[in-house]
Amino acid sequence: MKFHLLILTAFLGGLLSCAEGGGSDRVNGGQEAGSSDNEVTISMRAEPVGLNPILSVQNVSRYVYEHIFQTLNERDPETFELVPLLASTPIVTQGADGTITYRYTIDSLAAWPNGTDVTARDVIFSLKALLNPLVEAGPYRPYYDMIQDVLVDSTDERTFWVVTERPYILADQAIADLYIYPEYAYDPGGYLHDIPLSNFADPQLAEQLAEANAGLRTFADAFNSPDLALDPERIVGSGGYALVAWEPGQRLRLRRRDNYWAQDREEDRLAACPEYLNFRIISDYSAEINALRDNSVDVAIDMPVDIFQEMRNDEYLTSLYDFVALPGFKYFSILLNSDDPLLSDSLTRRALAHTVNVDQLIEQLFPGLAQRIVGPVLPAKSYYNNDLPSIPYDLERAARLLREAGWSDSNGNGILDRTIEGERREFQFQLLTYPMPTSEAVTLVIAEGARRVGIDIQVTKMEPRALMARLDAGDFSATFYGQGFEPTPDDFAQVWSSTSVPPSGTNRGNFNNPEADSLIRKIAITMDTSARATLYRRFQEIIYANQPMIFLYSPYDRIVISKRFEYSISSIAPNLKFNALKLKATQ
């Protein structure tokens, strides 16, 4: 399927093999003291919470673990079509009984670090781990609930068929995106080995097993353990790199595996060009700027717009780095907790949206580097609903809607109030945000607009881990919120379905609408693009009417890359493959 997206894919440098160039003319640039020249140092704003793929929805974790673990397929950076990674792309057939089968063959060279082959048994184990209801993989399970079983070729343990019980618009994408774990390393006790995958694929049977089978609990406790996601000795994948050091709050260091199965392959997606990948945690922007000026990092991503613009006009820095901006697959909003009595009605939420001058915010903070959004579908998608206008900045309309919702300043203190569950409540709440310049600036602007109509918002900065814990517990009123996604048709189940409230998904705002739930289910099984577009547009109308988020903007991705490397750029975050960065030959 070809996706209709606004894409800017720039190719900078040649598509060379991983043969190292003649070196670099800089001294110790972007590398660890005393180490080889062929390594890459990446600056990251936040520290990964762990390196266990199916337990994390954090992008910065993925930026690291995707070099250690591999999926069955990957997306081409230009076309976004599936291409082979650990296995071939699928051959798809439909059965007379309505089932759909996806046939894969694992690469004949694919092997684990201990030298054993990657086989269909590892694929089956990875699905069992994901579908085990005691494993904390709730956000991902909805994407795999169509799987019925996996059948293995009796003559070739690398060939298998994934059988799905019904159509699903993202079936091939979901299967392609499955991270494959070595059974020998992640289930040494064999707790899942003898339980048929079909038992896990049936949610009711899986729940019964979880209650009756002590082994499932033992496995899940070990698999969910933070140590399994933090200890270099226990993090095992088929990818080109292994974690060799993790200094909390400082850096993660990955080393190229000597026995990597694809070390002689030239495809970027399979490459392992740098000897080391160093991920430095630099949460302070001043420190990151100094690191760039000192030429001690090679790559910086998601830099604030004002700093990015200032630095790309700096003659010294532009002699060392390329500054690239391109549309990406993310948007930012203010997520409102619909379970909070202050924000439980759509009139109040819409009134809040009218207090935000989004156009001015973009002009001041993201000049030429963001586009406004009005809902969860980006404007460039073919099924974007063009009939939904941007909600204008209009304080008079906001005040009128608030009056209709029952808010008034009954005691004359300048803050609106109303009776909620028999108690007079003032309209004041915390707006959570990250301690970063852009998010702080956005939330302060929003608090000021709300203040003008009698809403008291206290902007509260929190570290990412603490903030996410509050969101997952439902312990918040509103928060600055980012959503990242893939260049595929949208399946809204994880984010918007009423069944996906944490820990079962990422519907952290507790949005609950029966018609929306029905549309989400229909979208997922409607394979005809025209019919699905109609459902998509109606879904957008429901979100627009309910305003569970104040939708703000979709920013351009911003990347800074050392000129000593050959590289390719893509709109798929993090916008380039660190593993495929190639040293330029000496001029």
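Can you find a residue that is among the polar types (S, T, N, Q) and under 16 Å from the mean Cα position of the chain (by Cα) anywhere in the stretch 468-482? It would help to see each step written out before you state the result.
Of the residues in the stretch 468-482, the ones among the polar types (S, T, N, Q) are 477, 479.
Applying the additional criterion that residues be under 16 Å from the mean Cα position of the chain (by Cα) yields none.
Checking the stretch 468-482: not a single residue is among the polar types (S, T, N, Q) and under 16 Å from the mean Cα position of the chain (by Cα).
Mind checking which residues of the stretch 167-185 are assigned to a helix (DSSP H, G or I), open to solvent by 30 Å² or more (accessible area, probe 1.4 Å) and under 9 Å from TYR143 (Cβ atoms)?
none
Given the conditions (1) among the hydroxyl-bearing types (Ser, Thr, Tyr); (2) part of a loop (DSSP other than H, G, I, E, B); (3) more than 35 Å from the chain's Cα centre (by Cα), report the number of the one that TYR384 does not fulfil.
TYR384 satisfies all of (1) among the hydroxyl-bearing types (Ser, Thr, Tyr); (2) part of a loop (DSSP other than H, G, I, E, B); (3) more than 35 Å from the chain's Cα centre (by Cα) except (3).
In the stretch 131-166, how many are open to solvent by 50 Å² or more (accessible area, probe 1.4 Å) and closer than 16 Å to GLN204 by Cβ?
4
Let me spell it out: the conditions are (1) open to solvent by 30 Å² or more (accessible area, probe 1.4 Å); (2) in contact with a Pro (Cβ under 6 Å, 6 or more places away or on another chain), and PRO304 meets all of them except one. Which number is the exception?
The number of the failed condition is (1).
For the stretch 210-264, give me each residue that is outside any helix (DSSP H, G or I), hydrophobic (A, V, I, L, M, F, W, C) and buried (at least 16 other Cβ atoms within 10 Å of the Cβ). Spell out the reasoning first.
Pass one, the stretch 210-264, residues outside any helix (DSSP H, G or I): 213, 225, 231, 235-264.
Within this subset, residues satisfying the condition of being hydrophobic (A, V, I, L, M, F, W, C) are 235-236, 242-246, 252, 254, 261-262.
ILE235, VAL236, ALA242, LEU243, TRP246, LEU252, LEU254, TRP261, ALA262, listed by residue number.
Please specify each residue of the stretch 98-142 satisfying the condition of being among the small types (Gly, Ala, Ser) and part of a loop (DSSP other than H, G, I, E, B). Talk me through it step by step, then tell me what you get.
Residues of the stretch 98-142 that are among the small types (Gly, Ala, Ser), as a first pass: 98, 108, 110-111, 115, 120, 126, 129, 137-138.
Result: GLY98, SER108, ALA110, GLY115, ALA137, GLY138.
Pick out the one residue from ALA524, ALA473 that is without any contact (Cβ under 8 Å) to a residue 60 or more places away in the chain and over 19 Å from ARG349 (Cβ atoms).
On inspection, the qualifying residue turns out to be ALA473.
VAL324 versus (1) of a type in the set (Val, Ile, Thr); (2) in a strand (DSSP E or B); (3) under 21 Å from SER498 (Cα atoms): which is the lone unmet condition?
Against the list (1) of a type in the set (Val, Ile, Thr); (2) in a strand (DSSP E or B); (3) under 21 Å from SER498 (Cα atoms), VAL324 comes up short only on (3).
Go through ARG425, ARG397, ARG418 for me and flag whichever is modelled with pLDDT of 95 or more, in a helix (DSSP H, G or I) and among the basic types (Lys, Arg).
Numbers: ARG425 fails: in a helix (DSSP H, G or I); ARG418 fails: in a helix (DSSP H, G or I).
Exactly one of ARG425, ARG397, ARG418 is modelled with pLDDT of 95 or more, in a helix (DSSP H, G or I) and among the basic types (Lys, Arg), namely ARG397.
Given the criterion open to solvent by 50 Å² or more (accessible area, probe 1.4 Å) and touching a Ser or Thr at 6+ places or on another chain (Cβ under 8 Å), identify the matching residue among GLN360, GLN364, GLN371.
Values: GLN360 fails: touching a Ser or Thr at 6+ places or on another chain (Cβ under 8 Å); GLN364 fails: touching a Ser or Thr at 6+ places or on another chain (Cβ under 8 Å).
Answer to the check: GLN371.
What do you reckon, is ALA271 open to solvent by less than 10 Å² (accessible area, probe 1.4 Å) and more than 26 Å from the chain's Cα centre (by Cα)?
On the way: open to solvent by less than 10 Å² (accessible area, probe 1.4 Å): yes; more than 26 Å from the chain's Cα centre (by Cα): no.
Answer is no for this residue.
Test GLY509 against the criterion of being crowded, with 21+ Cβ neighbours inside 10 Å and on the phi < 0 side of the Ramachandran plot, and give yes or no. Spell out how you get there, then give the answer.
On the way: crowded, with 21+ Cβ neighbours inside 10 Å: yes; on the phi < 0 side of the Ramachandran plot: yes.
So GLY509 fits the description; yes.
Name the residues in the stretch 67-83 that are closer than 27 Å to ASN278 by Cα and part of a strand (DSSP E or B), would you? Let's see the steps before the verdict.
Taking the stretch 67-83 as the starting set, the residues that turn out to be closer than 27 Å to ASN278 by Cα are 67-78.
Selection gives THR71, ASN73, GLU74, ARG75.
Just a yes or no: is a residue in the stretch 280-290 in a strand (DSSP E or B) and touching a helix residue (DSSP H, G or I) at 6+ places or on another chain (Cβ under 7 Å)? Steps first, answer last, please.
First pass over the stretch 280-290, keeping only residues in a strand (DSSP E or B): 280-281.
Applying the additional criterion that residues be touching a helix residue (DSSP H, G or I) at 6+ places or on another chain (Cβ under 7 Å) yields none.
No.
Of all residues in the stretch 413-427 being in contact (Cβ under 8 Å) with a residue 60 or more places away in the chain and not basic (Lys, Arg), which is farthest from MET462 (Cα to Cα)?
Selected residue: GLU421.
When both residues are 6+ apart or on different chains and their Cβ atoms are under 6 Å apart, which pairs have a first residue that lies in the stretch 66-79 and is in contact (Cβ under 8 Å) with a residue 24 or more places away in the chain, and a second that is open to solvent by 40 Å² or more (accessible area, probe 1.4 Å) and acidic (Asp, Glu)?
THR71/ASP177
The values are calculated or read from the model by the stated rules, or taken from the named source; none is laboratory data. Keep in mind the model is a prediction, meaning the values are calculated, not measured. In this analysis, Cβ positions are derived from the backbone assuming ideal geometry, glycine residues included, and neighbour counts consider all displayed protein chains. Protein only, heavy atoms only, side chains kept; ligands, DNA and RNA dropped before computing areas. Shrake-Rupley method; radii C 1.70, N 1.55, O 1.52, S 1.80 Å.
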